[in-house]
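Structure, as structure tokens:
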Amino acid sequence: MNTVFGNLDHVLLMAPGPSPVAPNVLKALSMPTLGHLDPHCIAVMDAVQEQLRAVCKTRNAVTFPLSGTGSAGMEACFVNLVEPGDHVLIVSNGVFCARMVEVASRLGAVADTVDCPWGRAVDAQAVKEALGRKHYKLLAVVHAETSTGINNPVAELGALVKDSDTLFLVDSVAGLGGVDVRVDEWGIDAFYSGSQKCLSAPPGLAPASFSDAAMESMAKRKTKVPNWYLDVTLIRKYWEGSPRVYHHTGPSNMYYALHQAMDNLLTEGLESSFARHEAMHRRLAQGLEGLGFTPYVKGPGAAPQINLFLPPSGVDANTLRAELRSKHRIEVAGGLGELAGKVIRVGVMGEGAREEPIDRLIAAVEDCIRK
Ligand code: PLP
């Protein structure tokens, strides 16, 4: 009688994360909790690793979800691969790239950036030039910049460091499952995502993958990984081998949820999922442009799964968001950083990338702005 659940609304989640969670994923989440070393839990963990390799298009042995949200994935990649004094190059065209700079600097790394304008894909030539000026331990990029609605050209950037000893780190928190990701083909050494975006599971896991080169780099560290909880070499012993070695209490219910969510995705087929995201992105753009909204990103790099719109004149982005939430129970996001108050950000992600939620959102926007 003391909970506040009665006040919780059923909200249609159309921000760029978290995205709507399918009923069978919620059902999986509510299955009985198992001990983190229970054989059945380990069987689920093994299946999750296999699915994740398929979704990431990788054969990397070290491929598993870290316990924590996407930010835990970011921290884990940097904290395991960077030591004080290392030089890293971060491609920057949005809020999440800037966060990478903060994370790397806190570890004592020298973090240089290639700054590219917001709302445009990064310029691979500028990155090539920066790589030519200095040797870097690591090149890092955000694949899907959730703050600006850009998918950066990861394959092209990967090619720049493929035959070098510079490691390639990629954040695809907002891309994996909704747009193509090819960890092996693109030469990615350290990769992380989030469970709550195009994978359509609840927030709480950060799928990650590390190449052999990344693992070798960790083995050769001069200093201990300064964060015990995110030490991938230790966590690996919990995810493989027999017997499994206790590291932390694995969130078994979240493993079930991710297992079911990835089963949904792989049953549909990755390519079909990408095509669906693209088609629903066009449907949304057509609907909102018809109401006078202008897409923030024009041209190459527009991310189908992250859509930013400038409202028509006379419509305030934050007032519209508030009304969508209060009157229509639909969540869309506001602008981040320099775009605060100027745009709405709409996710076309996972279960949200379907006709019914897109049409419901367009109709609700129309209702709000007609008045
Ligand atoms: N990286 C990107 C590109 C993101 O969009 C986000 C979250 O929106 C993060 C990292 C951080 O993930 P989380 O909020 O799950 O910790």
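Each reported figure results from applying straightforward, stated rules to the coordinates on display, with no laboratory input. Since the model is a prediction, treat every value here as computed from it, not as a measurement. When we count neighbours, we look across all protein chains shown, and the Cβ atoms used for this are built from the backbone with ideal geometry, even at glycine.
Database remark: amide H of residue 138 closer than 5 angstrom to the amide H of 89, 167 (H placed geometrically; neighbours at sequence offset of 5 or more, or on other chains; Pro and chain starts carry no H). Distances between placed amide hydrogens fall under 5 Å for residue 308 paired with 296, 297, 346, all partners being 5 or more residues away or on another chain.
Each Cα pair under 8 Å and six or more residues apart adds its separation to the average, and for segment 131-189 the resulting relative contact order is 39 percent.
Out of all DSSP beta bridges with both ends in the chain, state the antiparallel percent to the nearest 5. Could the numbers behind the result be given before it?
Values: 20 of 40 bridges.
About 50 percent, rounded to the nearest 5.
Across all Cα pairs in segment 249-352, the calculated P(r) in 10 Å bins from zero up to the longest distance comes to 13, 37, 28, 18, 3, 0 percent per bin.
Highest first, please rank the peptides 68-81, 296-309 by the mean number of other Cβ atoms sitting within 10 Å of their residues.
Working: 68-81: 23.3, 296-309: 21.5.
The packing order, highest mean first, is 68-81, 296-309.
Between amide H atoms placed 1.01 Å from N, distances below 5 Å from residue 150 occur with 145, 303, all of them 5 or more places distant or on a separate chain.
Given the pairs 137/298; 27/342; 128/220; 134/298; 134/342; 197/222, which are separated by over 30 angstrom at their Cα positions?
From the list (137/298; 27/342; 128/220; 134/298; 134/342; 197/222), the Cα-Cα distance tops 30 Å for 137/298; 27/342; 134/298; 134/342; 197/222.
Cβ-Cβ distance of residue 31 and residue 356, R₀ of 41 Å, FRET efficiency by 1/(1 + (r/R0)^6): the value works out to about 0.95. 3J(HN,Hα) couplings calculated from phi for segment 204-214 with the Karplus curve 6.51 cos²θ - 1.76 cosθ + 1.60 (θ = phi - 60°) are, in sequence order, x, 10, 10, x, 9, 8, 10, 6, 4, 4, 5 Hz; Gly and Pro show x.
Put the Cα centre of segment 13-74 next to the Cα centre of segment 308-371 and the gap is 29 Å.
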